[in-house]
1. How about the stretch 12-95: which strands (runs of 3 or more DSSP E) wholly inside it have at least 1 residues that are closer than 30 Å to I171 by Cβ and either of a type outside the set (A, V, I, L, M) or under 21 Å from the mean Cα position of the chain (by Cα) (or both)?
2. I'd like to verify a number: residues in the stretch 21-50 that are touching a Ser or Thr at 6+ places or on another chain (Cβ under 6 Å), without any contact (Cβ under 8 Å) to a residue 60 or more places away in the chain, under 18 Å from G69 (Cα atoms) and not acidic (D, E), how many?
3. Hydrophobic (A, V, I, L, M, F, W, C), modelled with pLDDT of 90 or more, under 25 Å from V139 (Cα atoms) and surrounded by 17 or more Cβ atoms within 10 Å (Cβ to Cβ): does that describe V91?
4. Would you please name the residue that is surrounded by the fewest Cβ atoms within 10 Å (Cβ to Cβ), looking only at residues in the stretch 185-214 that are out of contact with any Ser or Thr (no Cβ under 9 Å at 6 or more places or on another chain) and of a type in the set (A, V, I, L, M)?
5. Output the number of the condition that T176 fails; it satisfies all remaining conditions of (1) more than 20 Å from N21 (Cβ to Cβ); (2) at pLDDT 90 or above; (3) of a type in the set (S, T, N, Q).
6. Is it fair to say E43 is touching a Lys or Arg at 6+ places or on another chain (Cβ under 7 Å), over 25 Å from A228 (Cβ atoms) and at pLDDT 90 or above?
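The values are calculated or read from the model by the stated rules, or taken from the named source; none is laboratory data. Keep in mind it's a predicted model, so treat the numbers as computed, not measured. No Cβ is skipped: glycine too gets one built from the backbone with ideal geometry, and neighbour counts run over all protein chains shown.
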Amino acid sequence: MTIYFRNTPLREPFTFESVGNHWDQEEIDRADGYPLYHYLQTERGIGEIKIQRKTYVLCEGQGVLIAPGIKHSYRRKSKEWLTRFATFTGVMENGINILTGNRNIIFTEKNTGLAIAKQLDMVLKKFETPPVDAVELSVDCYRLLMNFMDNPCVGNMAEEETYKKYVKPTIEKIETEFDADLTVNELANSVYITPQYLSRLFIRFLGCSTHEYLLGHRINEAKRYLLATPKMEIQEIARQVGFGSASHFIAMFKKKTGVTPVSFRAGRRKKSPLPAASKL
């Protein structure tokens with residue numbers, strides 16, 4: 001059984017939070033879903049997965065991508081059930097729902113599953129021979145996510161004038177000034193449009209509002225501080241990433257990740273960044 005976790009600061013648009021194969025899958029029940037998009041595929045044997053009261057069977061080569069927060073459970077149907085899996089994150093992870101056409105679950109049949117399996121095995125080989133190139137890994141992640149793509153125009157969004165004129169400079173401002181008292185109104189004013197129109201553009205291109213993108217970027221930067229500066233106080237990290245109070249930061253961090261900042265830091269020290277990550 002093999003599993004690897006991301007152990008670098010989160011800076012790329014998309015990347016793998018965890019990836020594994022040859023996993024002797026045990027029974028899992030997630031009443032509140034999983035905090036990230038995750039893909040599960042049968043490598044050998046047969047599994048049964050229940051998603052929102054509907055039951056499905058995953059035979060060899062078949063897989064399923066499940067959106068965050070979707071109630072599900074799964075168990076083996078055969079004596080042996082080996083799986084491969086991946087969970088996805090990134091500073092633009094809120095844009096994954098654009099690639100998936102806002103679908104909560106996407107099943108892949110054997111042909112697509114074989115292509116995904118090859119991609120995952122290639123990624124695992126890179127983890128086996130560190131250091132892993134973070135940019136190259138981000139490209140691999142995006143290519144894998146393209147297997148679930150529903151909107152053929154997404155790949156060209158960066159060429160659209162509206163994106164270049166309003167969304168791109170806003171993203172750049174967020175990435176450079178997230179630690180300041182930055183608001184959606186201020187971001188909209190910087191590109192001379194209303195906050196409502198800017199949020200509509202963010203939803204169109206990235207699948208999230210301006211506020212959600214700003215919050216997501218701050219949380220991802222907080223993760224970097226939590227990992228890179230283990231002695232820095234939570235209150236100071238909150239201030240460094242633009243939160244006015246530690247209590248608000250802790251509440252937002254838990255809402256976005258499913259764990260508190262302290263639990264996230266402690267978990268990553270053990271190479272287990274997410275609750276039950278080894279039980280995909």
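1. Answer list for the stretch 12-95: 15-24, 37-51, 63-66, 72-89.
2. Here the count works out to 1.
3. So V91 fails the test.
4. Only one residue tops the list, namely I193.
5. (2)
6. In short, yes.
To keep it simple, each residue is scored yes or no on (1) touching a helix residue (DSSP H, G or I) at 6+ places or on another chain (Cβ under 7 Å); (2) outside any helix (DSSP H, G or I); (3) under 23 Å from R44 (Cβ atoms).
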{"residue": "F107", "(1), (2), (3)": "no, yes, yes"}
{"residue": "Q119", "(1), (2), (3)": "yes, no, yes"}
{"residue": "L124", "(1), (2), (3)": "no, no, yes"}
{"residue": "F127", "(1), (2), (3)": "no, no, yes"}
{"residue": "L144", "(1), (2), (3)": "yes, no, yes"}
